[in-house]
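Asker: First, the structure itself, so that you have it in front of you.
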Amino acid sequence: MLLNHGLWYTRPGFEPTCLPLGLLHRARTREMICPVLSQPDPARHLGPCGSTFRMCAALLAGLFFSAARTLYAADPAPPAALASPAPQAEGEPSAAPATGYFTHPAFLEHRTGEGHPERPERLVAIETELRKQGLWDRLAHPLPAPASTDTIGLVHGADYIANARKDIAAGRGVLTTGDTSVSPGSWEAAILAAGAVCDAVDAVLTGKLRNAFCAVRPPGHHATPDRGMGFCVFNNVAVGARHALRARGLERVMVIDWDVHHGNGTQDAFWTDGAVLQFHTQERDIYPGSGQADERGAGAAEGRILNFPLERGSGIAVFEKLYTEHLAPAARAFKPQLILISAGYDSHADDPLGGLGLRTEDYGHLTRIVLNLADELCQGRVVIALEGGYNLNALGASAAATVAELEARGRQARPTPISPINTPEK
């Protein structure tokens with residue numbers, strides 16, 4: 001059944017799922033061979049394929065992703081959306097999309113099991129809402145490359161990386177280090193999730209994009225340097241931050257985490273690293289149990305970790321007060337060159353795992369506050385990565401509220417590239 005540029009398919013044991021074409025076919029100049037009608041582009045035949053549509057959908061769902069990955073891997077040319085932008089006058093609106101949306105079909109192959117809240121349909125829900133609101137076609141859609149072991153090793157220990165890969169290759173359903181469900185497709189998804197944030201950082205720092213949203217799975221902010229936990233394999237935002245510092249020559253990066261659960265992995269990764277300022281808001285006394293106000297870092301990072309455990313039902317008024325009275329002054333004193341956001345949408349009032357009481361429009365408001373600070377402090381350089389959010393309707397609408405703010409700001413002039421920019425192999 002064709003539905004708003006998407007298709008429905010059914011997998012045994014799962015409810016019917018809509019896969020928007022954007023996750024099946026990236027609109028780029030490559031030929032994708034349809035397994036049923038042998039057409040060069042799935043988007044061209046889905047409408048008229050008639051009685052064979054359901055068969056076609058099932059085959060696409062089973063075969064397309066690996067074929068697409070092979071084709072993309074065979075052609076390393078950068079996406080057109082990431083070509084160097086034409087020069088533009090100060091303050092002139094950007095003609096080409098200046099907000100990047102980084103995702104990959106392989107993220108759907110990270111299977112967590114029936115009934116698990118962190119499921120592939122989360123990304124489908126976000127894309128569906130972006131299309132519904134007319135935002136999808138106003139974004140750049142670069143296809144990310146996987147992060148190398150060396151890049152992931154900027155945050156995670158070699159033993160943990162090797163053990164995670166071994167667990168997944170062995171067909172384990174859960175990492176041996178903790179409560180993260182995995183499947184045969186999880187390794188590729190995990191290295192691509194970290195790679196997506198690094199690619200987004202590169203694009204923003206080089207001025208090719210003004211800002212970016214990374215719709216990635218698995219999420220990352222609970223993954224510590226030596227342990228995967230809380231649905232996370234690698235800490236995508238932490239890897240992106242360290243990549244900006246080590247590979248791109250930045251001196252100061254700020255990480256904001258508005259997930260309902262404390263970003264313990266990010267805190268651990270930069271506990272003594274004074275180059276990173278962290279600002280965490282989380283519900284008090286829930287998983288993973290960390291994030292007390294007296295957890296402030298050590299050594300060079302003492303005072304660079306700001307934790308605000310919140311009472312259930314706090315709502316936007318509390319967030320706005322914290323962002324105005326604590327986040328903004330800290331950011332101005334620190335003067336970050338880049339802001340990363342761990343964007344969890346489980347602080348939404350309708351989320352089954354959280355209870356902080358935010359509404360859909362509140363995420364747009366928080367995004368706007370951060371973008372205003374970024375414009376003031378670091379030429380608008382903001383990269384946002386998906387963390388939690390488990391009510392599909394609330395997640396889709398809230399992420400779209402975030403992306404809408406990014407896209408509106410992206411229509412303004414792009415920042416100039418950070419200098420110096422190192423160019424190591426990622």
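Asker: According to the square roots a ≥ b ≥ c of the eigenvalues of the Cα gyration tensor, what is the shape class of the range 86-410, taking rounded for a/c under 1.5, prolate for a/b larger than b/c otherwise, and oblate for the remainder?
Answerer: Since a/c stays below 1.5, the shape of the range 86-410 is classed as rounded.
Asker: While we're on this one: How would the range 90-221 be classified by its alpha-carbon gyration tensor: rounded, prolate or oblate, with rounded meaning a/c under 1.5 and the a/b versus b/c comparison settling the rest?
Answerer: It is oblate, given that a/c is not under 1.5 and a/b is not larger than b/c.
Asker: At a 10 angstrom cut-off on C-beta neighbours, averaged per residue, how do the peptides 384-397, 199-212, 229-242 rank from highest to lowest?
Answerer: Ranked by mean Cβ neighbours within 10 Å, highest first: 229-242, 199-212, 384-397.
Asker: In nanometres, what is the gap between the two model label sites at E311 and T272, each 7 Å from Cα along Cα-to-Cβ?
Answerer: According to this spin-label approximation, the distance is 3.8 nm.
Asker: Where both residues lie in the range 86-410, what percent of DSSP beta bridges are antiparallel, nearest 5?
Answerer: Of all bridge pairs located within the range 86-410, approximately 5 percent are antiparallel.
Asker: Now a separate question. Using packing as a proxy for protection, rank 186-192, 127-133 so that the peptide with the highest average count of other Cβ atoms within 10 Å comes first.
Answerer: Taking the mean over residues of other Cβ atoms within 10 Å, the ranking is 186-192, 127-133.
Asker: Moving on. Cα to Cα, under 20 Å, and not fewer than 8 places away if on the same chain: which aspartates and glutamates meet these conditions relative to K132?
Answerer: Within the straight-line cut-off, K132 pairs with E121, E361, D362, E405, E407.
Asker: Cβ under 12 Å from Q292's Cβ, Q292 left aside: what net charge do those residues give with Lys, Arg +1 and Asp, Glu -1?
Answerer: Net of charged neighbours comes to -1.
Asker: Between rounded, prolate and oblate, where does the range 218-354 land on the alpha carbon gyration tensor, with a ≥ b ≥ c its root eigenvalues, rounded for a/c under 1.5, else prolate if a/b exceeds b/c?
Answerer: Here the range 218-354 falls in the oblate category.
Since every read-out is calculated from the coordinates, none of them should be taken as a lab result. None of the values given here were measured: they were computed from a predicted structure. Here the Cβ is made from the backbone with ideal geometry for all residues, glycine too, and neighbour counts use every protein chain on show.
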